[in-house]
Amino acid sequence: MPLAAGVDLQLADLSNKLIYAAMAVYLLAMFAHIFEWTFGSKGAVAVRSTEQATLAETVAATAPQGAKKVTVTVASAGGGTTTLTRTALADAGATVVTSGRGDEDQVDGLGAAGTSEKGDLAGRIAISLTVLGALLHIGGVLTRGLSVERWPWGNMYEFSCAFALTTVLAYLGLLVSGKKVRWLGLPVTVAVVLTLGLAVSVLYTESEQLVPALHSYWLAIHVSAAIMCGGAFYAAFAATALYLGKDWYDRRMAEGLTTGPFGTSASIWQRLPAASTLDKLSYRINALVFPLWTFTIIAGAIWAEAAWGKYWEWDPKETWSFITWVVYACYLHARATAGWKGRKAAYLALLAFACFLFNYYGVNIFVTGKHSYAGVG
Amino acid sequence: MSDTRTRPEDELSAERLSSAPTESDSPAGIGVLGWLRWTWRQLTSMRVALILLFLLSVAAIPGSLIPQNSQNSFKVETWKAAHKGITPVYEKLQLFDVYSSVWFSAIYLLLFISLAGCIIPRTWQFVGVLRAQPPAAPGNLTRMPVYAAWHSAADAKAVNAAAYQHLKRRGFRANLGNGAVASEKGYLREVGNLLFHFSLFALVAGFGWAGLASGQGGKLVIEGQGYSNTTTQLDDFTGSALYTSEDLDSFGFKLDGFTAKYQTSGDQMGSARQFTAHIRYWTGDDNTKLTKGDIEVNHPLEIGGSKVFLIGHGYAPVVTVRKADGTKVYSGPTAFLPQDGNLTSTGVIKVNDYGEKDGAKTQLGLNGFFLPTAAPNFEKTGPVSLFPDTADPALVLSAWAGDLRTNAGTPQNVYQLDTKGMTQLKVNGQPAIVKLKPGQGWTLPDNYGSVTFEGYQQWASFTVSHRPGNAVALTGAVCGILGLIGSLFVQRRRIWVRATATADGRTLVEVAGLARSESAKIAEELAEIAVDLQDEAPALDDEAPAFDEAPEDKPEHPADQDSKE
């Protein structure tokens, strides 16, 4: 690969400013989410099922004569049922799907804002700010890459910026696809602000060309895949942690206690989705990312074969990505095994994410191996 | 809906959605055979497999924290020297060779036996499932996790036939019979699952083959010099059972030049930006037909069954040594080893054939530093280089005379001077040290002659690697990913449709589905099928269907239907 020209200092500088700006905007989004949770605590909680039932009735009533309509009952894990009504208009073939829940135990909370309008407004502001932050962030990562005309993930600073960006994009992607995940906003913005803060303060490196070891198109493939995995694994981690919290809260409620775990306000937990919803979400994300993580490791092995002559040498980075893979594999198996699913499987998911984090920060900083060029400074 | 069949029947059918083995905790019968059977059943159970998998990840940890012989035996020696007390314990526990240790091997061998014991019966079972028809509709469809029903005026038989067609069109394997349609889809889930686990065996086979039949050697070549792939020319060689030093692929190459470029500004100044070795190579015995080639980091060159990797590079100062009477006793480049990122390099020039001085046989040893960009003065820093490229090269030398002990019989490090039999040359009682620029000479004290620093050349070090089995491992890996995608993203589900004539002359259409609980889509799919089916079996408007039919019979569903993968 020919030596790229050099460094466009203006672009590199612009990139730094954009990253700082993005950080500031994320910080504001984080505060807005905090307001959302605070205001929401005054609102009433969990009226959704009746709300939805009314919606279903409305749809049923307004459907013209001759419309095809089916109501499906779905049993949920907790023993309750959900119904899903599908109405197809005779002429257009358009369908309307409504669902309502029959079981009070498994009901999803209303979200951070509860029924408070102020809280809802704060939440909307937070999302707008997150989108703005993401745009600045994309600009920052792009200009960083353009300033040296290469993929902007050659060291830990660049990798952290990209990792934070994929976390935000994964979250915004879920929102756009209509998933009710606004409750993820606070954990996401907190993580992103922390990651970026660490990146600009401790891990910062000037924009430069790469050492020869990184002159490979596998950089784009292997590292991009790793970054995407990181963002998604984090989202799944947040969901898992909240699942455990909610599950604990549910058990406390069953025991007749009035507060959440660690004396937290019950209203926080009420506003979160049902434990089973959280559990399912974290499983889905993890299951979605697991093949990609497998691919990341294999792409790394192929690159290692080209660079070092052996595709697997138990380099610390390789070892820890293997450990991470195995623990996630344990989680996926446990989730499908009687006696392990639920809480035990969730602990495995937390452990797997801890391995992923250690592989990133721990191995890069404390252990020297062949991946050391990705290190700090 | 006056069916009185009991739950176990339905659950049985639910269980068959997956061909996973059943678990049993109950101890075995009697005798050795019983115990063996019990052990085998335990080993192949999901719980033990999970524990083994988890153990494997834990067992991999020490290897990432303790230096490993397989990676850097030099680091292992340093570590051992620093931790003398604990070293024997670590050696007993094979902690310097974790990944080839008995305990690590035991874990993955058990894991693979467990896997085989699980996967092979499961494959046969799956073949059986493929050969059989989809399981017939359970008697009481309302017990299924997803359920819909309505009354229609259409003929029951016609509705069943229409349902069969709808399901077929949607890619379900369907079977029409006995007043109901049974159908199943998503077999790729199990195919993917089995494929993934089988490809793990392919991966391990690739690993194993590589371990048995691969070899790797290292060679340092100075610009202008050549190399042919024989054991005498290699600096070191690690072979294996099926690839020894006698099996080395026959080829060779000449290093014509080496290009290195470095960052010249900013906080990463001195970082390498490009390394390229320019070579001409030949294969077989004919070393006259030369082909040009470049080797870069990440871009090895495949020559005659081996791959040649660029591993490192450095400088080789060219030095001429003359005796006091002017006879040349040494001339040529000597490779010096880099000590830091700016290529401060150290090395030794051993003048074996100095001959006699003052009637006694003697030898000379020059201990030195090569500095590509020498610091202006060394008073505080010592001899160091400030930049890896040769902006201001200098050679710093001190000289020893006496016996080099190169013929002592023990292997000697070519980069170090054994000073046991030697005395350092001194001026006024102080060790004689000189800093030379290219072209400069140094007259040695005590009439030992002179040393001229003619210039320098670069050298490159290569790894020559012969590794079969890569294709097998890669195929295994790719199949593994495909299998994973199938087993994680495809949902296996069953849908049953049953249209029955009721006593009042209407037709009750029931649609029920069964899938793993992770899948929310089955309700959607079932609704779509039901809506489609209403073309042939329009719902009668006079009622809110389904639930009136058997309200007290309502779901005490087989919630655990996904209890096994």
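The values are calculated or read from the model by the stated rules, or taken from the named source; none is laboratory data. None of the values given here were measured: they were computed from a predicted structure. FYI the Cβ positions are ideal-geometry reconstructions off the backbone, even for glycines, and counts take in every protein chain you see.
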Some residue of region B:72-81 being among the aliphatic types (A, V, I, L, M) and either under 30 Å from B:Pro121 (Cβ atoms) or within 13 Å of another protein chain (Cβ to nearest Cβ) (or both): no
Cross-chain or 6+ apart pairs with Cβ under 7 Å, region A:229-253 first and touching a residue at least 24 places away in the same chain (Cβ under 8 Å), then acidic (Asp, Glu) and crowded, with 22+ Cβ neighbours inside 10 Å: A:Tyr243/A:Asp279
Check on B:Ala512, part of a loop (DSSP other than H, G, I, E, B) and either within 19 Å of the chain's Cα centre (by Cα) or not charged (D, E, K, R) (or both): no
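So that you can scan it fast, the table gives a plain yes or no per residue for (1) within 13 Å of chain A (Cβ to nearest Cβ); (2) surrounded by 15 or more Cβ atoms within 10 Å (Cβ to Cβ); (3) among the aliphatic types (A, V, I, L, M):
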position: B:Thr87; (1), (2), (3): no, yes, no
position: B:Asp97; (1), (2), (3): yes, yes, no
position: B:Trp103; (1), (2), (3): no, no, no
position: B:Val129; (1), (2), (3): no, yes, yes
position: B:Ala132; (1), (2), (3): no, no, yes
position: B:Ala137; (1), (2), (3): no, yes, yes
Pairs, first more than 18 Å from B:Leu310 (Cα to Cα) and within 13 Å of chain B (Cβ to nearest Cβ) in region A:213-226, second polar (S, T, N, Q) and assigned to a loop (DSSP other than H, G, I, E, B), C-beta under 9 Å, six or more apart: A:His222/A:Ser216
Region B:38-61, subset part of a helix (DSSP H, G or I) and polar (S, T, N, Q), residue farthest from the other protein chains (Cβ to nearest Cβ): B:Thr39
Restricting region A:175-196 to residues that are assigned to a helix (DSSP H, G or I) and among the polar types (S, T, N, Q), the residue that is modelled with the lowest pLDDT: A:Thr195
Residue in region B:241-273 that is modelled with the lowest pLDDT, counting only those that are in contact with a helix residue (DSSP H, G or I) (Cβ under 6 Å, 6 or more places away or on another chain) and surrounded by 16 or more Cβ atoms within 10 Å (Cβ to Cβ): B:Ala272
In region A:291-349, the residues that are closer than 19 Å to B:Gly192 by Cβ, aromatic (Phe, Trp, Tyr) and within 8 Å of chain B (Cβ to nearest Cβ): A:Phe295
Residue satisfying all of: in region A:268-318; in contact (Cβ under 8 Å) with a residue 60 or more places away in the chain and among the charged types (D, E, K, R); surrounded by the fewest Cβ atoms within 10 Å (Cβ to Cβ) among these: A:Arg271
Residue in region B:381-388 that is more than 44 Å from the chain's Cα centre (by Cα), at negative phi and in contact (Cβ under 8 Å) with a residue 40 or more places away in the chain present: no
Residues located in region B:475-484, provided they are touching a Gly at 6+ places or on another chain (Cβ under 9 Å) and either surrounded by fewer than 18 Cβ atoms within 10 Å (Cβ to Cβ) or within 7 Å of another protein chain (Cβ to nearest Cβ) (or both): B:Thr475, B:Ala477, B:Leu482, B:Leu484
Where B:Glu190 falls short, out of the listed (1) of a type outside the set (A, V, I, L, M); (2) more than 27 Å from the chain's Cα centre (by Cα); (3) more than 29 Å from B:Tyr99 (Cα to Cα): (2)
Answer residue from region B:518-540, given it is within 42 Å of the chain's Cα centre (by Cα) and within 14 Å of A:Thr73 (Cα to Cα) and is nearest to the other protein chains (Cβ to nearest Cβ) among those: B:Ala523
Among (1) in a helix (DSSP H, G or I); (2) more than 10 Å from chain B (Cβ to nearest Cβ) - the single one A:Ser276 does not satisfy: (2)
Odd one out for A:Thr258 among (1) free of Cβ contacts under 8 Å to residues at least 12 places away in the same chain; (2) within 14 Å of another protein chain (Cβ to nearest Cβ); (3) part of a loop (DSSP other than H, G, I, E, B); (4) not basic (Lys, Arg): (2)
Hey, B:Gly341 loosely packed, with under 15 Cβ neighbours inside 10 Å and in contact (Cβ under 8 Å) with a residue 60 or more places away in the chain or not: yes
Extreme residue, farthest from A:Leu27 (Cα to Cα), among residues of region A:135-155 that are modelled with pLDDT of 85 or more and aliphatic (A, V, I, L, M): A:Leu146
Matching residues, region A:71-88, being at pLDDT 70 or above and either touching a helix residue (DSSP H, G or I) at 6+ places or on another chain (Cβ under 7 Å) or within 7 Å of another protein chain (Cβ to nearest Cβ) (or both): A:Thr71, A:Val72, A:Thr73, A:Val74, A:Ala75, A:Leu84, A:Thr85, A:Arg86, A:Thr87
Residue in region B:111-122 that is more than 14 Å from every other protein chain (Cβ to nearest Cβ), within 43 Å of the chain's Cα centre (by Cα), in a helix (DSSP H, G or I) and without any contact (Cβ under 8 Å) to a residue 12 or more places away in the chain present: yes
Single condition B:Ser183 does not satisfy, out of (1) outside any strand (DSSP E or B); (2) over 30 Å from B:Ile113 (Cβ atoms): (1)
Some residue of region A:314-322 being on the phi > 0 side of the Ramachandran plot and either in a helix (DSSP H, G or I) or touching a helix residue (DSSP H, G or I) at 6+ places or on another chain (Cβ under 7 Å) (or both): yes
Test: residue in region B:345-359 that is surrounded by fewer than 23 Cβ atoms within 10 Å (Cβ to Cβ), without any contact (Cβ under 8 Å) to a residue 12 or more places away in the chain and of a type in the set (Lys, Arg): no
